[in-house]
Structure formats: structure tokens, C-alpha cells
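Worksheet: one structure, shown below.
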Amino acid sequence: MSGGSPPQIDTQWKRISGLLRAEIGEAAYRSWLRPMTVRGERGGMVTMSAPTRFMRDWVVAHYADRLRALWGGENPSVQGIDIVVQPNCFAPGTDGAPMSPASAQPPVRSAARGAGVGSENDLQDIGAPLDPRFTFEHFVVGKPNEFAYAAARRVAEAIRVPFNPLFLYGGVGLGKTHLMHAIAWHIRQRKPECAVIYLSAEKFMYRFIRALREQNTVDFKEQFRSADVLMIDDVQFISGKESTQEEFFHTFNALVDQGRQIVLSADKSPSDLEGLQERLKSRLNCGLVADIHATTFELRLGILESKSEQLGITIPRKVMEFLAHRITSNVRELEGALNRVVAHAQLVGRDITLETTQEVLHDLLRANDRRVTIDDIQKQVSQHFNIRVADMHSARRARSVARPRQVAMYLAKQLTSRSLPEIGRKFGGRDHTTVMHAVRKVDELREQDAAFAEDVELLRRMLEG
Ligand code: ADP
Ligand code: MG
């Protein structure tokens, strides 16, 4: 195969990835297809590369058939595709270097999960305790988190470091800490000799500053650099903290160079974190960056089912659906709502019904409501589609304004508890049947058009965030 790829094949790939992007949606596209590179074509075989083995395996498992078909459609001489691993960045210890054997340091805790009592030692002192509920078994997997989950499992089960670092990011309460603890529990259980350190970035910073003050940075460095797996949660906290970043950068490099695993989390992607040094950003981008998306109704329902099962309580389906529909902000809040409903029922000795649920949670439901107003929705949607807010109320029927208006009505129905007539009134005094039609139409379009569905989802996320 020749080294570069001729321009023609690049153009073909652009078209193919454009088609796939519409099919699988923006998020999946960004995670999987954008990092792929076309290496060339020879003898009817197109060679493409993925930056890590993990990504290669995922693309092969999920998209190979589709890719083959699309390549065939673009270029009839293509008989098959070959996906190879070719790292984009230089990251020692990635994809191939063995995970280091047990370090000289004693493990944090050799007992299995939930033991809660560990021998006091240095490592335990620098790490933070793990929540016994935060295991893989208790993590409900759905579309919004399947990628992050798969990546976390891969790190936990790997014999060799599959990618470095694993960078998990997503909004508050979506399961980042849960997944990190799950990795730690899994490794501790399977390889008790492995030194796993988990702590928040805040704590890392605090320890570092204390070491500086006590002129004890040598110990500090040694402690962290003895980790086989180092996990630092919420790294956005070190944004703008120059000296902590400096130290973190050196620790990071030292560990990666020794083939140790690093797992990080933040509320934004490395590129979007402000106040982070460029070289640190690019280092963070060298591993696998996995986004946890906002929950969907199905995932929320799944989580409620799992939690009520853990609590050993049967909750009427209607109540669970109601909660999944109405508490959409994050999983932490959803869990809190469920706990309140259960606690109340046990306390007063009554069954859980839709009525008692609404009663017990009325403040929370109101707060969830108040978060998004129809005005907010109209503003955001107009901005997104580049139309005037006034067109939300106007009688104009041109598709270019009618469609955004329908999207806004749809979101108003989904995100607020306003009735159809109330929503109609807010849109220039339209009839409730118009709103109903809009909701149906948008639902239909979401089914048919992946790009449109992504748009609506994006708007919803912006409004809820
Ligand atoms: P983050 O660190 O992203 O802010 P957490 O990991 O602390 O969020 O999650 C908040 C709560 O929601 C935890 O109690 C966690 O167990 C729960 N949670 C989040 N996602 C899931 C999930 N997919 N399945 C089960 N529980 C989840
Ligand atoms: Mg967290």
C-alpha cells in the first residue's frame, strides 16, 4: 500500500463519513468516526486506522458492515475494509506496553469491596475512600453512557494499559465518580496487589500545597508516582492553578512513561477546559476521551428500576414513569426523589401511588419546572435556527420559521408542565391542536432524521443545563 491516500479516496471518505454522521448522530460520530484516518486503497481493500485498539474493536463491532457497504457504494472497486491501529499521538505505555506489575508500595486495601476497614498506610492516606455502592454491577448502562461504561470496563479488566489517560467527562450527577469507583473496586478485587489511588483534584491540590508548605514535596512525588492506577476526579478544579498543574503534569508524564494507568474526570472535555495549559490539554487528548451524555427517559427508567430493586421495594410502573419524565436534571436528583418517596411511604405506612408521589415531591417538581420557561425555549430555539424571536409569535408559515416554532412547542411540552392551551397562547395565541400537531410532527421527524433528532437533543440539553 502506498503511504498517503490519493485525494480521490479522501473525498470518498468525506462523503461516507458525512452519511454515517447523519445516520449515527453527532455524538457517536465524534467519538468513533472522526478519529479514523483513511490510509489508502490497494487491491480492492481500503485500509483505515483508529488511534487505539479499543476504538478499532468498537468500530469493527458496530460499524464495519455499514462502512463496507458505504465504501462499496462510493467506489465499486472496493471489496473490503481493513481497520488497523495507529496511534495519533506519542504516548508511551499505550496499546502494547504492559501494565506495570505490582509496585513496591503496599496496596491501598487488599480486602474486597465494602470491607470498609483497611490497613492504615501511606496510600490509603493519600487516596479517598470508595463508595461501596459505586460498582459496575450497580451501574445501569444506556445509550448516553455506554461508551464511557465500555471504556471504564476496559481499563478495569485490562492486562495492558489500553489507552492513557482515560478521560471521562459530562455534566453533574451523570455517573463519572460512580464509574471511577467501579474501576477501582474491580481492580482491587481482581488484583489486590495493584496500587490504586483515587482522589479528587481538589484533594490532590490540597496535598500538594501542604507538601510545599512543609517542604516535603519529595514524599509527595513518591507517593503519587508509586501508583499503578491513578484516578483523579473533577480535574476542572485545577484549571488556572498553575503550580498544581505543573506538578500534575510531571506526575502524569512520569506515570505514563512507566506504563501506569491514569483515569481522569471533568465536567468538560480537555479542549473545553478553560485555564488549562495547552501542553496538558494535548496530553489529555492523547488517550481516550469519553463523554457521558445527559440521561434519556429510558435510562432514567432503567436506573429507577435498578434502584428500587436494590431497595427491595416494588414501585408502581406509573410512578416510575412519572419520575423518569419529570426529574430530568441528573441521576443524583432522581435517586434523591426515589428515596424520598420510599421513605415517606415507609414512614406513614401507605402504598406508593402517583398521588402520594406528587404530594411528597411537590417542591422538587416545581423546582424542576421553574428551571426552563417557555420564553427561554423560544429564545434558545430562535437563536439556534437563526430566526427572530418575534417569529415564534408571528403568523408566518414559511417552513424556515414554522419548523423552529414547532420545535419550540415540542420542547415546551417536554420541558415544562404547561398545558397544550397554555403553550398555544404563548405562541401568538395558537390553538391547542396546533401544539399537539407540532409535538407529533417533531416526534415523527426525530424518528426519520438523525441530524434533526440531534439538533433537538442538543437544544434540550442546552436548556436543561
Ligand atoms: P458525577 O460524578 O458525574 O457528578 P456521580 O457518579 O456522583 O456523578 O453520580 C451521582 C449519583 O447517580 C450516584 O449516586 C450514582 O450512583 C448515580 N448514578 C449515575 N449514573 C448512574 C447509572 N448509570 N446507573 C446507576 N446509578 C447511577
Ligand atoms: Mg463526581
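Since every read-out is calculated from the coordinates, none of them should be taken as a lab result. The shown structure was predicted, so the numbers you read here are calculated from the model rather than taken from an experiment. Cβ coordinates were reconstructed from backbone atoms using ideal geometry, including for glycine residues, and neighbour counts include every protein chain displayed.
Listed values, structure above:
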quantity: Stretch gain in nm, segment Gln258-Leu19, where the contour uses 0.36 nm per residue and the Cα spacing is subtracted; calculated: 81.9 nm
quantity: Spatially proximal aspartates and glutamates relative to Lys426 (Cα-Cα < 17 Å; intrachain offsets below 8 disregarded); calculated: Asp369, Asp375, Asp376, Asp391
quantity: The stretch 45-76 and the stretch 444-465: distance between their alpha carbon centers, rounded to Å; calculated: 27 Å
quantity: Per-residue Cβ neighbour rank within 10 angstrom, fewest leading, Thr356, Thr295, Thr11, Thr416; calculated: Thr11, Thr356, Thr416, Thr295
quantity: Footprinting exposure proxy for His393, His186, His362 (fewest neighbouring C-beta atoms within 10 Å first); calculated: His362, His393, His186
quantity: Arg279 paired with Thr37, simple spin-label distance in nm, labels 7 Å along Cα-to-beta-carbon; calculated: 2.3 nm
quantity: Förster radius 60 Å - calculated FRET efficiency between Leu212 and Val389, Cβ distance, rounded to 0.05; calculated: 0.70
quantity: Fraction of antiparallel bridges per DSSP, the chain only, in percent to nearest 5; calculated: 20 percent
quantity: Modelled label reach - Lys268, point 7 Å along Cα→Cβ, the stretch 433-465 residues with backbone N closer than 18 Å; calculated: 461-465
quantity: Restricting the stretch 164-245 to GluC sites (Glu not before Pro) in coil, as DSSP defines it, with at most 11 other Cβ within 10 Å; calculated: Glu214
quantity: Pairs from Lys176/Lys241; Lys176/Lys307; Lys176/Lys413; Lys268/Lys318 whose Cα-Cα separation, in the structure shown, is over 25 Å; calculated: Lys176/Lys413; Lys268/Lys318
quantity: Sum of -39500 (n - 2.57) over DSSP H runs of 4+, divided by residues of the chain (222 nm, nearest 500); calculated: -16500 deg cm²/dmol
quantity: Reachable aspartates and glutamates from Lys441, criterion Cα separation under 16 angstrom, eight or more residues apart if same chain; calculated: Asp431, Asp449, Glu454, Asp455, Glu457
quantity: Extreme residue, positive dipole direction of the stretch 115-224, given options Cys194, Gly142, Leu166 (C-beta unit charges); calculated: Gly142
quantity: Extended-chain gain in nm, criterion 0.36 nm per residue less alpha-carbon gap, Ser419 and Ala451; calculated: 8.7 nm
quantity: For Arg188, Arg440, order by how many other beta-carbon atoms lie within 10 Å, fewest first; calculated: Arg440, Arg188
quantity: Protection proxy ranking, peptides 74-83, 16-25, average beta carbon neighbours within 10 Å, highest first; calculated: 16-25, 74-83
quantity: Label-point separation in nm, Ala398 to Gln86, each point 7 Å along Cα→Cβ; calculated: 4.7 nm
